[in-house]
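What follows is a short report on a single structure.
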Amino acid sequence: MTLLLTDIGELTTNTDDLGTLTNAALVMEDDRIAWIGPSSAAPPADSAVSLEGRAALPGWVDSHTHLVFAGDRTAEFGARMAGAPYRAGGIATTVSATRSASDAELSAVIARHVAEAVSQGTTYVETKTGYGLDVPNELRSARLALSLVDEVTFLGAHLVPSGWDADSYVDLVCGEMLDAVAPYVRWIDVFCETGAFDASQSRAVLAAGAARGLGLRVHGNQLDYGPGVRLAVEMGAASVDHCTYLTKSDVDDLASSETVATLLPACDLSTRQPLPDAQALLNAGATVALASNCNPGSSYTTSMAFCVATAVLQMRMSVQEAVRAATWGGARALRRENEIGILKPGARADVHVLDAPSITHLAYRPGVPLTHSVYRAGELVSS
Ligand code: NIG
């Protein structure tokens, strides 16, 4: 079956050859893009929809979320807004609520947040374990997530749970826990930060994951300067996420590597941290992604549009750079940049239509829900 979207006022493709087209059209065939070009040259299709001058872009690729959780941390957020600092230890509150929740409750939480994201233009979601922190709960987190999101990351090394010393817990993560979870996940991640795991513990976790064939991701440089970025680059991680505190040498390391700097502006705002200078990373030659980091502690939002608006208004990105980072950049962070986050023949037909004539409105009209309709793998999933 073919579907023609025509009269697209502005089409962002993220390809080098097509770039941004005006008065454009595209054809989806089943779950793939089959053709892109001027509206005036559009081929016949089984059905057609006029977008009446609206802008269209690839669906958001949210490459960093923590959706397997239970419970609520409104009180912690309130205390923070009254001046308390954010601490990694808050994760323990969600661990205990998550362990007490049933499978059905956890699945409902994941599904609810994925649906919320899709209704705002997100068409690809990565999520992490990390609120189980024992073998049965990390295993069920991965298993439940796998049936509800696009890909799953094992974050057993999120925090040292109470009752454990760090080195013994790292042995558990690298041994029995990894054995149990590995069949359900594509990535392994570690929170390399004071109060979580140091550089040598983090290196051990990443090496164990790599030995099992998992790709590597790192939470680093979130709460202070530290070794996370350096370690991620040294180990060939696909991305290092947060990057709130970067030295010049961190920026240089990122620029000379294949490791994507994934920035999480909603988290920085919600934890009252500074916002990183995205333009400095781009100027140096680093690849930047934007993601929501949706989780109940440090960043309780699924809104990629909010991240894009913040990146433009506060992090020196142009709208085009921010949109690219929230689509193609996320795809690159997940090593899927030829398939998603891009609109070209053969790519997955993930199209986000805005109720606006251009992507500039995402920053020009911050906070306004601009999603008109969303196609995921060729299927209309929100309108
Ligand atoms: O990405 N940095 C560590 N993990 C999450 C926070 C989780 C929490 O506070 O519950 C993050 O911000």
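The values are calculated or read from the model by the stated rules, or taken from the named source; none is laboratory data. Just so it is clear, the model here is predicted, and its values are computed rather than measured. Because the Cβ atoms are built from the backbone with ideal geometry, glycine has one as well, and the counts that use them run over all protein chains shown.
Looking at the range 34-63 only, could you name the residues that are in a strand (DSSP E or B) and free of Cβ contacts under 8 Å to residues at least 60 places away in the same chain?
Filtering the range 34-63 down to residues in a strand (DSSP E or B) leaves 34-38, 47-50, 55-58, 60-62.
Within the range 34-63, G37, P38, S47, A48, V49, S50 qualify.
Hey, does the range 187-197 have a residue that's among the hydroxyl-bearing types (S, T, Y) and closer than 21 Å to R87 by Cα?
Yes, the range 187-197 contains a residue that is among the hydroxyl-bearing types (S, T, Y) and closer than 21 Å to R87 by Cα.
Tell me, yes or no, whether the range 277-285 has at least one residue that is assigned by TED's automatic domain parsing to the domain that holds A207, within 21 Å of S202 (Cβ to Cβ) and not in a helix (DSSP H, G or I).
no
May I ask you to list the residues in the range 260-276 that are more than 21 Å from L216 (Cα to Cα) and crowded, with 20+ Cβ neighbours inside 10 Å?
To start, the set of residues in the range 260-276 that are more than 21 Å from L216 (Cα to Cα) comprises 265-276.
Result: P265, A266, C267, D268, S270, T271, Q273, P276.
Among what's in the range 227-259 and is over 19 Å from the mean Cα position of the chain (by Cα) and charged (D, E, K, R), pick the residue that is surrounded by the most Cβ atoms within 10 Å (Cβ to Cβ).
Out of the qualifying residues, it is D250.
Say whether the condition of being out of contact with any Leu (no Cβ under 6 Å at 6 or more places or on another chain) and assigned to a helix (DSSP H, G or I) is met by at least one residue in the range 183-196.
There is at least one residue in the range 183-196 that is out of contact with any Leu (no Cβ under 6 Å at 6 or more places or on another chain) and assigned to a helix (DSSP H, G or I).
For the range 336-383, give me each residue that is crowded, with 20+ Cβ neighbours inside 10 Å and of a type in the set (D, E).
E337, D350
I'm checking my understanding of the structure. Among residues of the range 269-296 that are within 16 Å of the chain's Cα centre (by Cα), within 15 Å of the ligand (Cβ to nearest atom) and not polar (S, T, N, Q), which one is farthest from R80 (Cα to Cα)?
Top of the filtered list is A289.
Against the condition free of Cβ contacts under 8 Å to residues at least 60 places away in the same chain, away from the ligand (no atom under 16 Å from the Cβ), part of a helix (DSSP H, G or I) and not assigned by TED's automatic domain parsing to the domain that holds S256, how does L362 come out, does it pass?
On the way: free of Cβ contacts under 8 Å to residues at least 60 places away in the same chain: yes; away from the ligand (no atom under 16 Å from the Cβ): yes; part of a helix (DSSP H, G or I): yes; not assigned by TED's automatic domain parsing to the domain that holds S256: yes.
Taking the combined requirement at face value, the residue satisfies it.
Going through the range 325-359 one residue at a time, which ones are charged (D, E, K, R), touching a Ser or Thr at 6+ places or on another chain (Cβ under 8 Å) and either in a helix (DSSP H, G or I) or free of Cβ contacts under 8 Å to residues at least 40 places away in the same chain (or both)?
R332
Only helices (runs of 4 or more DSSP H) wholly contained in the range 64-177 count here; list those with 3 or more residues that are more than 29 Å from D224 (Cβ to Cβ).
Values: elements: 74-81, 91-100, 103-118, 135-146, 166-172.
It comes to 103-118, 135-146.
Among V49, V61, V27, V95, which is modelled with pLDDT of 95 or more, within 15 Å of the ligand (Cβ to nearest atom) and either β-branched (V, I, T) or within 23 Å of V149 (Cα to Cα) (or both)? I'd like the intermediate steps shown before the answer.
Numbers: V49 fails: within 15 Å of the ligand (Cβ to nearest atom); V61 fails: within 15 Å of the ligand (Cβ to nearest atom); V27 fails: within 15 Å of the ligand (Cβ to nearest atom).
On inspection, the qualifying residue turns out to be V95.
Residue under question is A208, and the condition is that it be more than 19 Å from the chain's Cα centre (by Cα) and assigned by TED's automatic domain parsing to the domain that holds L133; does it hold? Steps first, please.
On the way: more than 19 Å from the chain's Cα centre (by Cα): yes; assigned by TED's automatic domain parsing to the domain that holds L133: yes.
Yes: the conditions hold for A208.
Does G121 satisfy the condition of being surrounded by 18 or more Cβ atoms within 10 Å (Cβ to Cβ), away from the ligand (no atom under 16 Å from the Cβ) and closer than 29 Å to R336 by Cβ? Step through it out loud before you land on a result.
Details: surrounded by 18 or more Cβ atoms within 10 Å (Cβ to Cβ): yes; away from the ligand (no atom under 16 Å from the Cβ): yes; closer than 29 Å to R336 by Cβ: yes.
Here the answer is yes, as G121 does meet what is asked.
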